[in-house]
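Trainee: I am attaching a structure below and will ask some questions about it afterwards.
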């Protein structure tokens, strides 16, 4: 007496591997989307927004022909904050600014000749 098995019964190894691959991709997408943005990303977004605001103040000074000042209280890297002054020729006078998020610090550095702040490194 011989036993005959149907070749269509059960699932193949390939089908199991395919199902596990799809499940792992779905779990990977869900895991990465459930976390919020990192502190580094939030800090860079804040720095970009600050840089846009300072550029707008510089443009306002150039357009009006009058100096425009910006209070740096809470943003200064130094213990003694001094205001940033944008002049009508596009130059500026001020000190570096520090943006902080938890234990990270990002500095904005002034180029006084052109009156623009550049984003520094994250420390």
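Trainee: Do we have residue 36 as at pLDDT 90 or above, within 29 Å of residue 119 (Cα to Cα) and loosely packed, with under 10 Cβ neighbours inside 10 Å here?
Mentor: So residue 36 does not fit the description; no.
Trainee: For the stretch 103-115, what are the residues that are part of a strand (DSSP E or B) and closer than 13 Å to residue 93 by Cβ?
Mentor: 110, 111
Trainee: Here's a check for you: in the stretch 71-93, which residue that is in contact with a strand residue (DSSP E or B) (Cβ under 7 Å, 6 or more places away or on another chain) and in contact (Cβ under 8 Å) with a residue 24 or more places away in the chain is nearest to residue 43 (Cα to Cα)?
Mentor: 75
Trainee: From the list 72, 8, which residue is outside any helix (DSSP H, G or I) and at pLDDT 85 or above?
Mentor: 72
Trainee: Here's a follow-up. So residue 23 fits all but one of (1) loosely packed, with under 11 Cβ neighbours inside 10 Å; (2) within 30 Å of residue 110 (Cα to Cα); what number is the exception?
Mentor: (2)
Trainee: Still on this structure: Scan the stretch 16-68 for residues that are under 18 Å from the mean Cα position of the chain (by Cα), free of Cβ contacts under 8 Å to residues at least 24 places away in the same chain and under 20 Å from residue 99 (Cα atoms) and report the count.
Mentor: Final tally of qualifying residues: 8.
Trainee: A further question on this structure: Of the residues 104, 99, 110, only one is under 20 Å from the mean Cα position of the chain (by Cα), surrounded by 12 or more Cβ atoms within 10 Å (Cβ to Cβ) and touching a residue at least 60 places away in the same chain (Cβ under 8 Å); which?
Mentor: After applying the criteria, what remains is 104.
Trainee: So which residues in the stretch 25-68 are in a loop (DSSP other than H, G, I, E, B) and under 30 Å from residue 123 (Cα atoms)?
Mentor: 35, 36, 37, 38
The values are calculated or read from the model by the stated rules, or taken from the named source; none is laboratory data. Quick caveat, the model's predicted, so the values are computed rather than measured. Note: ideal-geometry Cβ built from the backbone for every residue, glycine included; neighbour counts use all protein chains shown.
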